[in-house]
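Just so it is clear, none of the values below were taken in a lab; they were calculated from the coordinates. From a predicted model like this one, the values you see are computed outputs, not experimental measurements. Glycine gets a Cβ as well: all are built from the backbone with ideal geometry, and neighbour counts include every protein chain shown.
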Amino acid sequence: MLPVMWNPAPALRVSREDREWLEALVRSGRTPQRVALRAHLVLRAAEGRPNHALAKELGVSRPTVLLWRQRYVAAGVAGLLRDAPRPGRKKRIGPEKVEAIVNATLQTTPPDATHWSVRTLAKRQRVSPATVHRIWQAHNLQPHRVETFKLSRDPAFVSKLRDIVGLYLNPPAKALVLSVDEKSQIQALDRTQPILPLRPGVPARQTHDYERHGTTTLFAALNILEGHVIERCQSRHTHTEFIAFLATIDQQTPRRQDIHLILDNYGTHKHPTVKTWLAEHPRFHFHFTPTGASWLNLVERFFAEITRKRLRRGTFRSVPALIAAIRSYVREHNKDPRPFIWTATASAIFRKIKRCKEALETGH
């Protein structure tokens, strides 16, 4: 059999500007290898190298050489920098089916569950689970998740909200703003068997049952500007313990500064004895959050942190051990305190509440 013979291709015409660009691409260490190969191919083709020899030299096929020669002629150097778009597989799911899956997710539930899963909806709609998953992602649907909310019914909600947010965003000069609350019924729990430690590939393990050794209540005052926390653990959380905590705040803050306390509407904070104490200490000023709006109190954020980092997985054989752990955590926190920054304005909160009320009225 005689060898296949090709007529040599004419030398590729490359302008001086393009040649300099191509040479820079070949020399640069940051050029992707596939782009450098194409640039080198065009430069060699401009020297008049035959296509078959050029293919052998660069370790590619002759059709590849022809492809990039033609791409350069059609699109210049820019055509070498990216691959041409490919048509890909045709979509099998039409817009009607997509709409049906979205509507089923939003407006229906399966007969034996509260929400659809990928597999149950895929079976009902006769598509693959991957198809349902892609459609949910595209429409930002998450039926497996649920969040909680509560709208305050406090008739003075607007004025109280503006008061609290104003303290966060524009605190009074030469005064301290403290977010105050109690975390009650913190249990000293001890597991019934020793905890199995963390190992490679195996998480730490603890028994599901536990022994109770009593409770304590953590009173905390969070300085909203500095993040410093004043704490006191007590056995109960009546007005007597609250007044004792107010005395602790009085002792641990500069005497000549006014103190603005952000509090919830717990009855202890409004007890007549507390009001009497407040009248005897005129530098203290109480600001109450709206009823059912504890999320406005920043100290709740600190309670979430101490619960997650120290209490939830802790084991305590006695209440004193629990109190020691709490005080140790607060002490370490105060060594490098970082405030929780409030950013939401009152207007932004009002708009969000308005949208929530509209959703409740319309059901969407």
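Only residues that are among the charged types (D, E, K, R), in a helix (DSSP H, G or I) and in contact with a helix residue (DSSP H, G or I) (Cβ under 9 Å, 6 or more places away or on another chain): list them for region 227-251, please. Can you show your working first?
Of the residues in region 227-251, the ones among the charged types (D, E, K, R) are 231-232, 236, 241, 250.
Next, from what is left, pick out any that are in a helix (DSSP H, G or I): 241, 250.
The answer is E241, and nothing else.
Mind checking whether some residue in region 322-334 is in a loop (DSSP other than H, G, I, E, B), touching a residue at least 40 places away in the same chain (Cβ under 8 Å) and in contact with an Asp or Glu (Cβ under 7 Å, 6 or more places away or on another chain)?
Checked region 322-334: no residue is in a loop (DSSP other than H, G, I, E, B), touching a residue at least 40 places away in the same chain (Cβ under 8 Å) and in contact with an Asp or Glu (Cβ under 7 Å, 6 or more places away or on another chain).
Is it the case that region 210-220 has a residue that's crowded, with 18+ Cβ neighbours inside 10 Å and under 15 Å from R312 (Cβ atoms)?
Within region 210-220, one or more residues are crowded, with 18+ Cβ neighbours inside 10 Å and under 15 Å from R312 (Cβ atoms).
Quick one: which helices (runs of 4 or more DSSP H) lie wholly within region 68-169 and hold at least 2 residues that are loosely packed, with under 14 Cβ neighbours inside 10 Å and among the acidic types (D, E)? Show your work before the answer.
Details: elements: 95-107, 118-125, 129-138, 157-169.
Per the criteria, 95-107.
In this structure, does K56 turn out to be part of a helix (DSSP H, G or I) and farther than 30 Å from A9 by Cβ?
no
Quick check, is T207 surrounded by 18 or more Cβ atoms within 10 Å (Cβ to Cβ) and under 32 Å from the mean Cα position of the chain (by Cα)?
No, not satisfied.
Does region 195-226 hold any residues that are hydroxyl-bearing (S, T, Y) and assigned to a strand (DSSP E or B), and which are they?
Selection gives Y210, T215, T216, T217.
Given the structure, is A247 within 30 Å of T192 (Cα to Cα), free of Cβ contacts under 8 Å to residues at least 12 places away in the same chain and among the hydrophobic types (A, V, I, L, M, F, W, C)?
Against the criterion (within 30 Å of T192 (Cα to Cα), free of Cβ contacts under 8 Å to residues at least 12 places away in the same chain and among the hydrophobic types (A, V, I, L, M, F, W, C)), A247 does not qualify.
Here are the criteria: (1) surrounded by fewer than 13 Cβ atoms within 10 Å (Cβ to Cβ); (2) touching a strand residue (DSSP E or B) at 6+ places or on another chain (Cβ under 6 Å); (3) touching a residue at least 40 places away in the same chain (Cβ under 8 Å); (4) closer than 22 Å to P172 by Cβ. Tell me which single one E226 does not satisfy.
Status for E226: all satisfied but (2).
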